Amino acid sequence: MWYGSTIWDPALICAQIVTMQTLYYLTLGMLFWLLLGSYVPSAISLYYFFDSAAVSVKGFTGWMVITAYLANAAATAGFLCIVVERAKKCLDFSATLTMVHLFLCLVYSGFPSNVEWYVLNFLSLVIMAVLGEWLCMRRELREIPLSGLTARRTAR
């Protein structure tokens, strides 16, 4: 993809948002299965995804949920690098993903009432945005290989 002039493409942006949200929840589900699967019989239930009561520092299960969310934030940063590809868009997509997650939590279980949930989601947002920007900048600043171009030029 060439990054000259920016073209407004709402369909692409919506597709990227849906892709990021899908990857976010798929990865979170796999992390719940890995971290909670042997301890909690219903580890892959909507309760752990969307209920703020699942986020707690008072028990083993709550700490595993927190660990899954933080690991998922790091994985989602990698997905940002692949799907969004631009460092300056990482904060926008991270905030959008977090706001959609907040909306889904509101629909599922009402307004989140515990402080741990807010701290966790803020930390997840920061990890996603900062790590995603760093990964995208590393990708954007890679050298462009010119060896194939010079080899063709000397062959003429």
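Each value in this text was obtained by applying a stated rule to the coordinates, not by laboratory testing. What you see is a predicted model; the values in this text were computed from it and never measured. Glycine gets a Cβ as well: all are built from the backbone with ideal geometry, and neighbour counts include every protein chain shown.
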Practice problem: Select from the chain the helices, each a whole stretch of DSSP H, whose alpha-carbon atoms run 27 Å or more along the helix axis and whose Kyte-Doolittle mean is at least -1.0; answer none if there are none. | Solution: 10-36, 60-83, 90-109, 115-140
Exercise. Taking the Cα centre of the chain as origin, sum charge times position over the Cβ atoms of Lys and Arg (+1) and Asp and Glu (-1), and report the length of that vector in debye to the nearest 20.
Key: 720
Quiz item: From the Cα gyration tensor of the stretch 53-114, with a ≥ b ≥ c the square roots of its eigenvalues, which class applies: rounded if a/c is under 1.5, or else prolate if a/b is larger than b/c, or else oblate?
Solution: oblate
Quiz item: Mind ordering 12-25, 73-86, 101-114, 118-131 by average Cβ neighbours within 10 Å, highest first?
Solution: 73-86, 118-131, 12-25, 101-114
